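Okay, structure first, notes after.
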Amino acid sequence: MPGLILGIESSCDETAAAIVEGGERTLASAVASQIPTHARYGGVVPELASREHLRAVVPVVRAALAEAHLNFADLDAIAVTSGPGLAGALLVGITYAKALAFAQNFPLIAVNHLEGHIHAALLNERESAQPQDGGAPSFPRFFAERVGEQEPQPTPDEPALALVVSGGHTHLYLARPVHDSWTYNLIGRTVDDAAGEAFDKVAKLLGLGYPGGPWIDALSLHGNPHAVPFAFSQIKTKVHLGGKPARTKAAKSAPIANLDPHFMFSFSGIKTAVLRYVELHHLRPEAESRREALFTGPEAPIKPTLQDALAQCEPQTLDLIASFQHAVVGDLMKKTFAAAESLGVRRILVTGGVAANRELRSRFAAEGSARGLRISFPTLALSTDNAAMIAAAAWPRLLAKDFAPADLSADPSLALGR
Ligand code: KG4
Ligand code: ZN
């Protein structure tokens, strides 16, 4: 089975289309980013996101087909993100995918966005394992039997601990290969903000751009990560959502009380600690003038560069930025490696937008090699939202003929696993 899947992703602020063959070879990946639309508001505006998806979805699919030198008739299936995400944004991708599947008589496959992120890291593992000389790619072990190919190493694929760390999620899953597919168990998650949300909020507070992660990542190289000793307090045995109602249906339905508190995250405290530091050291006027010089003022450059931002940052601010990032990465590492040890897994996948962070990549890789664990990331391009991860996650479903119903709709709070 050739398995050419067109993936479509529109859950947040990127409209993306990609074509992946057999869950392991990316033939095309096109992403239309809405960052310029949302940047002036400092965050994603749902109504604008839906409008931009409507504009971009057809051109982005055309771009993916052109990049792969394929026509619709060459495809075997359409995969689309059905949740979690913004309802209106998800609906654009789903409606388009349904119409295309109907018109071309393709099977339609619904994919959970979080499972997609996990498959971005798996896809990179598979692509890296392929021969670089243009020879025929080897099929992944767990698909080989099903498609009738001979696989040289018949050992079963290993379970992995997956840290999905993005603007909307900080979740730990135990991912286990079962027959052609994967099952997921929720091991831990944030009780409040996602790690990417903390990057975005701290960047906004400091007068930096949106999304904040890439700015903090770049500027942190110029500060002292040990200057401000931020500390994360250990979540106690009983985990509550701070007395507040859970913000999403997914948060309500997650069996939070049953999760080990050692693997739970909380990022709202460090955001407040940064705010307090800014107030205490009178850094707010500097942040306001930075915002004006870089983004809102009459002299602001059209596209501010790292050098422009550096020229607007005092050493104390750079130290604050570096210390914030160091603390967040340290906390992500501490809990992820503790969970891996407790579960006895030898393989960790780190994925989602924050997995693009340089300090995170180098520290996870170093700790993994010290402990003899295999650490995988997606490529940088596939760390943030994309459609190749959706097409890759759909491949086991195509093999299993696990197709979406004709009345597929968006599920903004779709949970993954149990
Ligand atoms: O996966 P993603 O594109 O969208 C969601 O599913 O949320 O992740 C976006 C998030 C944003 O919060 C952004 O600030 C963060 O990923 N991010 C980074 C970096 N690049 C993107 N955070 C830290 N360092 C980066 N280099
Ligand atoms: Zn995402």
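FYI, it's all coordinate maths here, none of it is from the lab. Fair warning: this is a prediction, and the values are worked out from it, not measured in the lab. Virtual Cβ from ideal backbone geometry, glycine too; neighbours counted across all protein chains shown.
Can you figure out the FRET efficiency of residue 288 with residue 76, using R₀ = 45 Å and their beta-carbon distance, to the nearest 0.05?
After rounding, the FRET efficiency stands at 0.25.
If amide hydrogens are placed 1.01 Å from N in the peptide plane, which non-local residues have theirs closer than 5 Å to the one on residue 109?
For residue 109, whose amide H was placed from the backbone, the distant partners under 5 Å are 78, 79, 80, 404.
Using packing as a proxy for protection, rank 69-80, 360-371 so that the peptide with the highest average count of other Cβ atoms within 10 Å comes first.
Packing proxy ranking, top to bottom: 69-80, 360-371.
Could I have the simple spin-label model distance between residue 102 and residue 58, label points 7 Å from Cα toward Cβ, reported in nm to one decimal?
For residue 102 paired with residue 58, the spin-label model returns 1.7 nm.
Which ³J(HN,Hα) values, rounded to whole Hz and listed in residue order, are derived for segment 269-283 from phi using the Karplus coefficients 6.51, -1.76 and 1.60 in 6.51 cos²θ - 1.76 cosθ + 1.60 with θ = phi - 60°, glycine and proline given as x?
x, 5, 5, 5, 5, 5, 4, 4, 4, 4, 5, 4, 9, 6, 8
Given the rule -39500 (n - 2.57) for each run of at least 4 DSSP H residues, summed and divided by the residues of the chain, what is its mean residue ellipticity at 222 nm, to the nearest 500 deg cm²/dmol?
Details: 14 runs with 177 residues, N = 418.
One gets -13500 deg cm²/dmol as the mean residue ellipticity at 222 nm.
What ³J(HN,Hα) values, in whole Hz, does the Karplus curve 6.51 cos²θ - 1.76 cosθ + 1.60 give for segment 62-77 when θ = phi - 60°, with x put for Gly and Pro?
Once θ is set to phi - 60°, the couplings for segment 62-77 become 4, 5, 5, 4, 5, 4, 8, 6, 10, 10, 3, 4, 7, 7, 10, 6 Hz.
Assuming R0 = 51 Å, what is the FRET efficiency of residue 280 and residue 37, from their Cβ-Cβ distance, to the nearest 0.05?
0.90
Between the alpha-carbon centers of segment 189-227 and segment 314-333, tell me the distance in whole angstrom.
First find each Cα centre; the distance between them is then 8 Å.
I need the phi-derived Karplus couplings for segment 296-307: 6.51 cos²θ - 1.76 cosθ + 1.60, θ = phi - 60°, integer Hz, Gly and Pro marked x.
Coupling constants for segment 296-307: 9, x, x, 8, 5, x, 4, 9, x, 9, 4, 4 Hz.
Take peptides 179-191, 83-95 and line them up by average Cβ neighbours within 10 Å, highest first, as a rough protection proxy.
Highest to lowest by the protection proxy: 83-95, 179-191.
Calculate how large, on average over all directions, the projected area of the Cα convex hull of segment 195-376 is; give the answer in nm² to one decimal.
Result: 12.0 nm².
Counting only Cα atoms, I'd like the Rg/Rh figure for segment 158-220, Kirkwood definition for Rh.
Values: Rg = 15.4 Å, Rh = 13.2 Å.
On the Cα set of segment 158-220, Rg over Rh gives 1.16.
Starting from the Kirkwood Rh over alpha-carbon pairs, what translational D in µm² s⁻¹ does the chain have by Stokes-Einstein at 37 °C and 0.692 mPa s?
Diffusion coefficient, whole number: 148 µm²/s.
Pairs 98/335; 204/334; 98/204; 335/401; 334/401; 303/335: which exceed 29 Å Cα-Cα?
Table pairs above 29 Å Cα-Cα are 98/335; 98/204; 335/401; 334/401; 303/335.
Send over the Kirkwood Rh of segment 339-401, from the inverse of the averaged 1/r over different Cα pairs, rounded to one decimal Å.
About 13.2 Å for segment 339-401.
What does the net charge come to around residue 25 if you take all other residues with beta carbon closer than 10 Å to its beta carbon, with K and R at +1 and D and E at -1?
Value of the local net charge: -2.
Considering the zone a paramagnetic label at residue 300 would reach in this model (a point 7 Å from Cα along the Cα-to-Cβ line), which residues of segment 27-68 have amide N under 20 Å from it?
The answer is 33-46, 48-49.
For segment 1-61, with equal point scatterers placed on the C-alpha atoms only and solvent neglected, what are the log10 I(q)/I(0) values from the Debye formula at q = 0.22 1/Å, to two decimals?
Here the Debye-derived log intensity ratios amount to -0.80.
Of the peptides 41-52, 295-306, how do they stack up when ordered by the mean number of other Cβ atoms within 10 Å, highest first?
Per-residue Cβ counts within 10 Å, averaged per peptide and sorted highest first, yield 41-52, 295-306.
Percent of alpha carbon pairs in segment 1-133 separated by more than 23 Å?
For segment 1-133, the share of Cα pairs beyond 23 Å comes to 32 percent.
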